[in-house]
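Just below is one structure, and these are the notes that go with it.
The values are calculated or read from the model by the stated rules, or taken from the named source; none is laboratory data. Since the model is a prediction, treat every value here as computed from it, not as a measurement. A quick note on method: Cβ atoms are made from the backbone with ideal geometry, for glycine too, and the neighbour counts reach across all protein chains shown. For the accessible areas, the whole protein counts, side chains as well, though only heavy atoms, and no ligand, DNA or RNA atoms are used. Shrake-Rupley method; radii C 1.70, N 1.55, O 1.52, S 1.80 Å.
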Amino acid sequence: MATIKENQLEKESMKRDFYHLIINGEKVNSSNGETIKTFNPATGELIAEVAKASKEDAEKAVEAARNSFDHGKWKLYPIGRRAQVLNKIAGIMRSRFNELVELEMLDTGKSLHAAQGQVSQAIEDFEFYAGAIVGHRGTVNNVPGQFHNYTEKEPVGVCAQIIPWNYPLMMAAWKIAPAIAVGCSVIVKPASLTPLTAIILGEICLEAGVPAGVVNVIPGSGAEVGNFLVEHPRVNKVAFTGSTPIGKDIMGRASETLKRVTLELGGKSPSLVFEDADIDAAVDGSLFGIFYNSGQSCEARSRLYVHEDIYDEFMNKFVEKAKKLQMGNPFDKGTHVGAIIDQAQLETIDGYVQSAKKEGAAILVGGNVAKPEGYENGFWYEPTIIANVNHDMKAVTDEIFGPVVVVMKFKDEKEAIRLANDTEFGLGSAVWSKDGARATRVANQIQAGIVMVNCPFSAFPGTPFGGYKQSGFGRELCIETLDLYTETKSILSYYGSRPLNPFGL
């Protein structure tokens, strides 16, 4: 197994100069010869070139997926056999763990500890669904005498899966694993900025025994290839993770063919720290909640509300610890905050911070583009804490998608809940309190798909992940996800001794 070394970027066996599309079990070039260049956000250096799919390539992928579903054997495999293949995928990924971690870091600029955690979960996703599919079955229902009704779960068909750039491998696993577990065929379109590990995952699926055409991976333009897949009449379902505006557009396009749709969209998640909270735990958890993955997380707890009685004590500790967060070499185990994905996102983040300054907010920590020593050509932003804000400011209402948190006081439980719910989003949230009754009360009133109580972690395989309101719909990472990739067929039989004659003729 390869070893990741600190203070230098190791060129491992998984990294190469060119990556192909995967269509119908083969690694192929794009039909028009176009490529995408992918860069390391930490350094700005070119990593590799990737074949860029066109509409023609997308059509080939749809045909391959359609043929594998309609005429192939994957959906006919016994559940136990599909489970074995999913476990083999996980086993191959585990054997190449350090290589996957390194490639994910090179492609995204994220820190070592972040990449290790995300690759671990991607592996566990396949193991989870290998087990979950065994218990996924239909039901026998109560009906009048001499009738028998049962249901079967059938795969929905060909699924287009559109992956974001912030968690490239983990999001690909979240979508591929449940879909193929139930017998679907998939076309994965990874983000153009971060396609490498999704391509490798497609290759691993083939190595593990997934038949040709069941998993296809086609990096390309969202406006061209993504929309083509969403609108394609032979695609049965779309699963998308990304921004709310694009999610709305996808929903509209998919409606033309009445596709099944799962959307995991933006967030502006609140974290509520009550006066009886363990302050040190709340400080540490709040740091992780916003600065993990450089704040480039849909459920990042980017709105922090602290009870007025402990506000000063909490903020003193929060600010001091934020100042200690380290940026720089992502391969250094001491690095806490990785790079921003690209220059455009860096400018977006800084734009929100500057707008908050102009509106009278106070920057307690950070607030600037960063240039870590040795990484001056990369894209970095200082961990930033903004106070003296209100709910009319864009930095408070909009998803910034960077290492920026806004902080406000609250006076009581009622106000905390009102502030938490004063948003168009509803993905994540956190509650910090030693009072179990209060924590339960507040959690039940927060309008969000995930509530983290005295905990900074939002998802493990088996825990439903998804949003309320404009954060989307559908749940991923859980047993219920299998239902999103299946149709429920009801079969009603009559077994009476006399023929039925409803009209009495």
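Calculate one ³J(HN,Hα) per residue across the range 41-55 by plugging θ = phi - 60° into the Karplus curve 6.51 cos²θ - 1.76 cosθ + 1.60, and present them in order as whole Hz with x for glycine and proline.
Each residue's phi maps through the Karplus curve to give x, 6, 10, x, 7, 5, 9, 6, 10, 10, 4, 9, 5, 10, 4 Hz.
In nm, what is the difference between 0.36 nm times the number of residues separating Leu46 and Gln343 and their Cα-Cα distance? Intermediate results must be reported in sequence, preceding the final value.
Values: separation 297, 0.36 × 297 = 106.92 nm, distance 1.43 nm.
Net length gain for the segment: 105.5 nm.
Using helices alone, what [θ] at 222 nm do you get for the chain, with -39,500 (n - 2.57) per DSSP H run of 4 or more residues, divided over all residues and rounded to the nearest 500? Display every interim value, and only then the final one.
Working: 15 runs with 180 residues, N = 505.
Here the helix-only value at 222 nm equals -11000 deg cm²/dmol.
Would you mind calculating the relative contact order of the range 270-309 from Cα pairs under 8 angstrom and at least 6 residues apart, reporting the percent as a whole number? Before the final figure, lay out the partial values.
Numbers: 36 pairs, mean separation 25.0, N = 40.
Relative CO of the range 270-309 lands at 62 percent.
Given the chain, what whole percent of its Cα pairs are spread farther than 28 Å?
The proportion of pairs with Cα distances above 28 Å equals 55 percent.
Could you state the number of Å between the C-alpha centres of the range 189-205 and the range 339-413?
About 30 Å separates the Cα centre of the range 339-413 from the one of the range 189-205.
Given a 1.4 Å probe and heavy atoms of the protein chains only, how would you sort Cys455, Cys205, largest accessible area at the top?
On the way: Cys455 40, Cys205 0 Å².
Correct descending sequence by accessible area is Cys455, Cys205.
Work out, step by step, the length gained on full extension between Phe147 and Lys371: first 0.36 nm times the residue separation, then minus their alpha carbon distance; give nm to one decimal. Write out the running numbers ahead of the final one.
Values: separation 224, 0.36 × 224 = 80.64 nm, distance 7.24 nm.
My answer for the length gained is 73.4 nm.
Sorting check: for 420-426, 263-269, which peptide has the highest mean count of neighbouring beta carbons within 10 Å, and how do the rest follow?
Values: 420-426: 20.1, 263-269: 27.0.
Top to bottom by mean Cβ count within 10 Å: 263-269, 420-426.
Using only the Cα atoms, work out Rg/Rh for the range 129-250, with Rh taken as the Kirkwood radius, to two decimals. Can you show the working numbers first?
On the way: Rg = 17.0 Å, Rh = 15.8 Å.
Using only Cα positions, Rg/Rh for the range 129-250 is 1.08.
Enter the accessible area per residue of the chain (Å², integer; probe 1.4 Å; all protein chains in place). Could the numbers behind the result be given before it?
On the way: 20280 Å² over 505 residues.
I get 40 Å² per residue for this part.
Can you pull the one-decimal nm distance between simple spin-label points at Thr397 and Leu258, each 7 Å off the Cα toward Cβ?
Taking the simple label geometry, Thr397 and Leu258 are separated by 3.8 nm.
Order Arg301, Arg16, Arg81, most accessible first, counting only protein heavy atoms with a 1.4 angstrom probe. Don't skip to the answer; put the middle values down first.
Working: Arg301 15, Arg16 65, Arg81 115 Å².
Final ranking, largest accessible area leading: Arg81, Arg16, Arg301.
Tell me, what HN-Hα J-couplings in whole Hz come from the Karplus equation 6.51 cos²θ - 1.76 cosθ + 1.60 at θ = phi - 60° for each residue of the range 477-494, using x for Gly and Pro?
Here the 3J(HN,Hα) series is 6, 9, 4, 4, 4, 4, 5, 6, 10, 9, 9, 9, 9, 9, 10, 10, 10, 10 Hz.
Subtracting the Cα-Cα distance from 0.36 nm times the residue separation, let me have the gained length for Leu500 to Lys434 in nm, one decimal.
Numbers: separation 66, 0.36 × 66 = 23.76 nm, distance 6.40 nm.
Working it through step by step, the gained length comes to 17.4 nm.
Using a 1.4 Å probe and ignoring any ligands, DNA or RNA, find the accessible area of Asp70 and quote it in Å² to the nearest 10.
Solvent-accessible area, nearest 10 Å²: 70 Å².
Give the relative contact order (percent, whole number) for the range 10-158; include only Cα pairs under 8 Å separated by 6+ residues.
Details: 167 pairs, mean separation 32.0, N = 149.
Reported as a whole number, the value is 21 percent.
What three numbers, in Å, describe the spread of the alpha carbons of the range 349-426 along their principal axes, ordered from the longest?
Here the Cα extents, ordered largest to smallest, are 48, 25, 19 Å.
Based on the Cβ-Cβ distance of Asn67 and Lys411, what FRET efficiency does E = 1/(1 + (r/R0)^6) give at R0 = 60 Å, to the nearest 0.05? Could you put the intermediate results ahead of the total?
Numbers: r = 63 Å, r/R0 = 1.04.
Once the sixth-power term is evaluated, E becomes 0.45.
Taking all protein chains as present, what is the carbon and sulfur share of the accessible area of the chain, in % to the nearest whole number, probe 1.4 Å?
Values: 10010 of 20280 Å².
The C+S portion of the solvent-accessible surface of the chain is 49 percent.
Obtain the nm distance between the two label points defined at Lys333 and Gln84 by a simple spin-label model: each point lies 7 Å from its Cα along the Cα-to-C-beta direction.
3.9
Could you pull the accessible area for Lys371 with a 1.4 Å probe, rounded to 10 Å²?
Accessible area of Lys371: about 120 Å².
Please list, in order, the residues from the range 77-119 whose amide nitrogen is less than 18 Å from a point placed 7 Å along the Cα→Cβ vector of Phe288.
111-119
Can you check what the net charge comes to around Ile92, using other residues whose Cβ is under 15 Å from the Cβ of Ile92 (Lys, Arg +1; Asp, Glu -1)? Don't skip to the answer; put the middle values down first.
Working: positive: Lys88, Arg94, Arg96; negative: Glu99, Glu124, Asp125, Glu127, Glu203, Glu207.
Computed value for this residue: -3.
So, in nm, how far is label Phe457 from label Leu492 when the simple model puts each one 7 Å beyond its Cα toward the Cβ?
For the pair Phe457/Leu492, the computed spacing is 4.6 nm.
Highest mean first, how do 22-28, 142-148 rank when packing is the count of other Cβ atoms within 10 Å averaged over residues? Could you put the intermediate results ahead of the total?
On the way: 22-28: 19.0, 142-148: 10.3.
Those peptides, ordered most packed to least, come out 22-28, 142-148.
In whole percent, what relative contact order does the chain give with Cα contacts below 8 Å and a gap of six or more residues? Write out the running numbers ahead of the final one.
Values: 1160 pairs, mean separation 92.3, N = 505.
Relative contact order, the chain: 18 percent.
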